[in-house]
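Below is one structure, written out as C-alpha coordinates; comments come after it.
The values are calculated or read from the model by the stated rules, or taken from the named source; none is laboratory data. Please read all numbers here as calculations on a predicted model, not as lab measurements. We place every Cβ from the backbone using ideal geometry, glycine too, and count neighbours over all the protein chains shown.
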(Lines give C-alpha, C1' and ligand atoms only; values in the text may rest on other atoms or scores of the structure.)
Protein backbone atom coordinates (compact mmCIF):
# COMPACT_ATOMS: atom_id res chain seq x y z
CA UNK A 1 0.00 0.00 0.00
CA UNK A 2 1.39 3.39 -1.00
CA UNK A 3 2.07 6.04 1.59
CA UNK A 4 -0.69 8.63 1.96
CA UNK A 5 0.61 12.17 1.95
CA UNK A 6 -0.89 15.00 3.96
CA UNK A 7 -1.04 17.14 0.81
CA UNK A 8 -3.26 14.52 -0.85
CA UNK A 9 -5.66 14.51 2.10
CA UNK A 10 -5.85 18.31 2.10
CA UNK A 11 -6.43 18.29 -1.64
CA UNK A 12 -9.34 15.86 -1.27
CA UNK A 13 -10.78 17.94 1.57
CA UNK A 14 -10.62 21.11 -0.53
CA UNK A 15 -12.40 19.35 -3.38
CA UNK A 16 -15.15 18.17 -1.05
CA UNK A 17 -15.63 21.66 0.38
CA UNK A 18 -15.76 23.29 -3.05
CA UNK A 19 -18.33 20.82 -4.38
CA UNK A 20 -21.86 21.82 -3.34
CA UNK A 21 -24.15 19.08 -2.13
CA UNK A 22 -27.02 18.39 -4.50
CA UNK A 23 -30.31 16.86 -3.54
CA UNK A 24 -30.96 13.59 -5.31
CA UNK A 25 -33.67 13.71 -7.95
CA UNK A 26 -34.44 15.70 -11.08
CA UNK A 27 -34.06 19.47 -11.23
CA UNK A 28 -37.34 21.40 -10.81
CA UNK A 29 -38.81 23.20 -13.84
CA UNK A 30 -37.35 26.61 -14.54
CA UNK A 31 -40.49 28.48 -13.48
CA UNK A 32 -40.63 26.57 -10.19
CA UNK A 33 -36.96 27.14 -9.45
CA UNK A 34 -37.19 30.88 -10.12
CA UNK A 35 -40.26 31.26 -7.92
CA UNK A 36 -38.52 29.42 -5.07
CA UNK A 37 -35.49 31.71 -5.23
CA UNK A 38 -37.57 34.88 -5.54
CA UNK A 39 -39.51 33.97 -2.40
CA UNK A 40 -36.39 34.06 -0.22
CA UNK A 41 -34.57 37.13 -1.56
CA UNK A 42 -34.91 40.40 0.34
CA UNK A 43 -33.63 42.66 -2.43
CA UNK A 44 -33.83 42.63 -6.26
CA UNK A 45 -31.69 39.90 -7.80
CA UNK A 46 -30.24 40.23 -11.30
CA UNK A 47 -31.04 37.96 -14.22
CA UNK A 48 -27.38 36.94 -14.42
CA UNK A 49 -27.40 35.80 -10.77
CA UNK A 50 -30.63 33.88 -11.27
CA UNK A 51 -29.27 32.26 -14.43
CA UNK A 52 -26.20 31.08 -12.54
CA UNK A 53 -28.31 29.59 -9.74
CA UNK A 54 -30.73 27.71 -12.00
CA UNK A 55 -27.98 26.92 -14.54
CA UNK A 56 -29.93 28.15 -17.55
CA UNK A 57 -29.22 30.77 -20.25
CA UNK A 58 -29.83 34.37 -19.19
CA UNK A 59 -32.18 35.03 -22.13
CA UNK A 60 -34.34 32.08 -21.14
CA UNK A 61 -34.43 33.28 -17.54
CA UNK A 62 -35.49 36.77 -18.60
CA UNK A 63 -38.25 35.41 -20.83
CA UNK A 64 -39.57 33.23 -18.01
CA UNK A 65 -39.49 36.10 -15.51
CA UNK A 66 -41.47 38.30 -17.90
CA UNK A 67 -44.03 35.53 -18.42
CA UNK A 68 -44.40 35.07 -14.66
CA UNK A 69 -44.91 38.80 -14.12
CA UNK A 70 -47.65 38.92 -16.77
CA UNK A 71 -49.28 35.79 -15.38
CA UNK A 72 -49.39 37.13 -11.80
CA UNK A 73 -51.03 40.34 -13.00
CA UNK A 74 -53.55 38.55 -15.22
CA UNK A 75 -54.53 36.19 -12.41
CA UNK A 76 -55.03 39.05 -9.95
CA UNK A 77 -52.58 37.63 -7.43
CA UNK A 78 -51.95 39.48 -4.18
CA UNK A 79 -48.35 39.99 -5.27
CA UNK A 80 -46.55 40.91 -8.46
CA UNK A 81 -43.09 40.40 -9.89
CA UNK A 82 -41.29 43.63 -10.68
CA UNK A 83 -38.03 44.50 -12.38
CA UNK A 84 -36.45 47.24 -10.25
CA UNK A 85 -32.92 48.44 -9.48
CA UNK A 86 -31.40 46.11 -12.04
CA UNK A 87 -33.05 42.98 -10.68
CA UNK A 88 -36.30 41.12 -10.00
CA UNK A 89 -38.25 40.83 -6.76
CA UNK A 90 -41.74 39.88 -5.54
CA UNK A 91 -43.84 42.68 -4.02
CA UNK A 92 -47.30 42.78 -2.50
CA UNK A 93 -49.77 44.44 -4.88
CA UNK A 94 -50.62 48.08 -4.26
CA UNK A 95 -54.36 47.48 -3.85
CA UNK A 96 -53.59 45.10 -0.96
CA UNK A 97 -51.65 47.76 0.98
CA UNK A 98 -54.43 48.45 3.49
CA UNK A 99 -54.83 44.76 4.35
CA UNK A 100 -51.09 44.23 4.67
CA UNK A 101 -50.77 47.33 6.84
CA UNK A 102 -53.44 46.07 9.23
CA UNK A 103 -51.71 42.72 9.49
CA UNK A 104 -48.25 44.20 10.02
CA UNK A 105 -49.28 46.79 12.57
CA UNK A 106 -51.90 44.72 14.35
CA UNK A 107 -50.54 43.36 17.61
CA UNK A 108 -47.19 45.03 17.11
CA UNK A 109 -47.08 46.51 20.60
CA UNK A 110 -44.12 44.58 21.93
CA UNK A 111 -41.12 46.75 22.70
CA UNK A 112 -38.24 46.66 20.25
CA UNK A 113 -35.04 44.89 21.23
CA UNK A 114 -31.89 46.85 22.00
CA UNK A 115 -30.42 45.75 18.66
CA UNK A 116 -33.48 47.05 16.82
CA UNK A 117 -33.36 50.37 18.68
CA UNK A 118 -29.67 50.84 17.86
CA UNK A 119 -30.28 50.02 14.21
CA UNK A 120 -33.24 52.38 14.09
CA UNK A 121 -31.04 55.12 15.53
CA UNK A 122 -28.49 54.69 12.75
CA UNK A 123 -31.18 54.86 10.08
CA UNK A 124 -32.80 57.91 11.66
CA UNK A 125 -29.61 59.94 11.95
CA UNK A 126 -27.95 58.85 8.69
CA UNK A 127 -30.89 58.38 6.33
CA UNK A 128 -31.13 57.57 3.57
CA UNK A 129 -28.69 54.76 4.29
CA UNK A 130 -28.00 51.26 2.97
CA UNK A 131 -28.05 48.12 5.10
CA UNK A 132 -24.34 47.56 4.53
CA UNK A 133 -23.54 51.01 5.90
CA UNK A 134 -25.75 50.41 8.93
CA UNK A 135 -23.93 47.11 9.48
CA UNK A 136 -20.59 48.92 9.25
CA UNK A 137 -21.66 51.45 11.87
CA UNK A 138 -22.98 48.83 14.31
CA UNK A 139 -20.30 46.25 13.57
CA UNK A 140 -22.81 43.41 13.16
CA UNK A 141 -25.11 42.05 10.46
CA UNK A 142 -28.44 43.90 10.54
CA UNK A 143 -30.42 42.11 7.82
CA UNK A 144 -32.90 40.46 10.19
CA UNK A 145 -33.28 43.60 12.30
CA UNK A 146 -33.94 45.75 9.23
CA UNK A 147 -36.66 43.34 8.14
CA UNK A 148 -38.25 43.70 11.56
CA UNK A 149 -38.17 47.49 11.37
CA UNK A 150 -39.70 47.43 7.88
CA UNK A 151 -42.39 45.00 9.08
CA UNK A 152 -43.17 47.31 12.02
CA UNK A 153 -43.68 50.20 9.60
CA UNK A 154 -40.83 52.21 11.14
CA UNK A 155 -38.44 52.01 8.18
CA UNK A 156 -39.08 51.94 4.43
CA UNK A 157 -37.14 51.77 1.18
CA UNK A 158 -35.99 55.10 -0.24
CA UNK A 159 -34.56 54.35 -3.67
CA UNK A 160 -31.11 53.05 -4.50
CA UNK A 161 -27.57 54.29 -4.03
CA UNK A 162 -26.19 55.74 -7.26
CA UNK A 163 -22.69 54.28 -6.95
CA UNK A 164 -23.53 50.74 -5.84
CA UNK A 165 -27.22 50.22 -6.60
CA UNK A 166 -27.80 49.19 -2.96
CA UNK A 167 -31.27 49.81 -1.56
CA UNK A 168 -31.48 52.84 0.73
CA UNK A 169 -33.70 53.05 3.80
CA UNK A 170 -35.32 55.91 5.70
CA UNK A 171 -37.71 56.30 8.60
CA UNK A 172 -41.44 56.56 7.98
CA UNK A 173 -44.23 58.93 8.95
CA UNK A 174 -45.35 56.29 11.44
CA UNK A 175 -41.93 56.55 13.08
CA UNK A 176 -42.40 60.31 13.54
CA UNK A 177 -45.93 59.75 14.79
CA UNK A 178 -44.79 57.33 17.48
CA UNK A 179 -42.16 59.80 18.69
CA UNK A 180 -44.51 62.77 18.53
CA UNK A 181 -42.35 64.61 16.00
CA UNK A 182 -43.29 66.60 12.90
CA UNK A 183 -40.01 66.26 11.01
CA UNK A 184 -36.70 64.44 11.29
CA UNK A 185 -35.05 67.78 12.11
CA UNK A 186 -36.76 67.63 15.51
CA UNK A 187 -34.75 64.58 16.57
CA UNK A 188 -32.59 65.36 19.63
CA UNK A 189 -28.92 66.12 19.21
CA UNK A 190 -26.62 63.20 19.92
CA UNK A 191 -23.91 65.25 21.63
CA UNK A 192 -25.51 65.23 25.12
CA UNK A 193 -25.52 61.42 25.08
CA UNK A 194 -21.91 60.94 24.00
CA UNK A 195 -19.23 60.00 26.55
CA UNK A 196 -16.65 62.67 27.50
CA UNK A 197 -13.78 63.15 25.04
CA UNK A 198 -11.17 62.09 27.59
CA UNK A 199 -13.03 58.78 28.05
CA UNK A 200 -12.98 58.14 24.30
CA UNK A 201 -9.26 58.95 24.15
CA UNK A 202 -8.55 56.66 27.11
CA UNK A 203 -10.37 53.80 25.42
CA UNK A 204 -8.32 54.34 22.26
CA UNK A 205 -5.09 54.21 24.26
CA UNK A 206 -6.22 50.97 25.88
CA UNK A 207 -6.62 49.47 22.40
CA UNK A 208 -10.39 49.17 22.45
CA UNK A 209 -11.60 51.56 19.73
CA UNK A 210 -14.07 49.15 18.21
CA UNK A 211 -16.32 47.74 20.90
CA UNK A 212 -19.59 45.99 20.25
CA UNK A 213 -22.95 47.42 21.26
CA UNK A 214 -23.02 45.01 24.20
CA UNK A 215 -19.67 46.29 25.41
CA UNK A 216 -20.94 49.85 25.03
CA UNK A 217 -23.81 49.16 27.36
CA UNK A 218 -21.58 47.42 29.89
CA UNK A 219 -19.16 50.36 29.92
CA UNK A 220 -21.77 52.63 31.39
CA UNK A 221 -22.78 54.59 28.29
CA UNK A 222 -26.43 55.76 28.31
CA UNK A 223 -29.19 53.40 27.35
CA UNK A 224 -32.94 53.79 26.88
CA UNK A 225 -33.44 55.01 30.46
CA UNK A 226 -31.28 58.11 29.87
CA UNK A 227 -33.35 59.41 26.94
CA UNK A 228 -35.81 62.30 27.25
CA UNK A 229 -39.06 61.30 28.92
CA UNK A 230 -41.18 61.81 25.78
CA UNK A 231 -38.97 59.46 23.79
CA UNK A 232 -38.83 56.92 26.61
CA UNK A 233 -42.61 56.79 26.90
CA UNK A 234 -42.95 56.08 23.18
CA UNK A 235 -41.21 52.73 23.74
CA UNK A 236 -39.25 53.23 20.53
CA UNK A 237 -36.48 55.71 20.87
CA UNK A 238 -33.59 55.60 23.29
CA UNK A 239 -30.84 57.54 21.44
CA UNK A 240 -27.91 55.17 21.01
CA UNK A 241 -24.36 56.30 21.37
CA UNK A 242 -23.08 53.40 19.30
CA UNK A 243 -24.11 54.66 15.84
CA UNK A 244 -22.65 58.12 16.30
CA UNK A 245 -19.09 56.94 16.34
Give the residues of the stretch 13-48 that are loosely packed, with under 10 Cβ neighbours inside 10 Å and at pLDDT below 85, sorted by residue number. 15, 16, 17, 18, 19, 20, 21, 22, 23, 24, 25, 26
Please give the helices (runs of 4 or more DSSP H) falling wholly within the stretch 40-152 in which 1 or more residues are not assigned by TED's automatic domain parsing to the domain that holds residue 170. 47-54, 58-75, 97-105
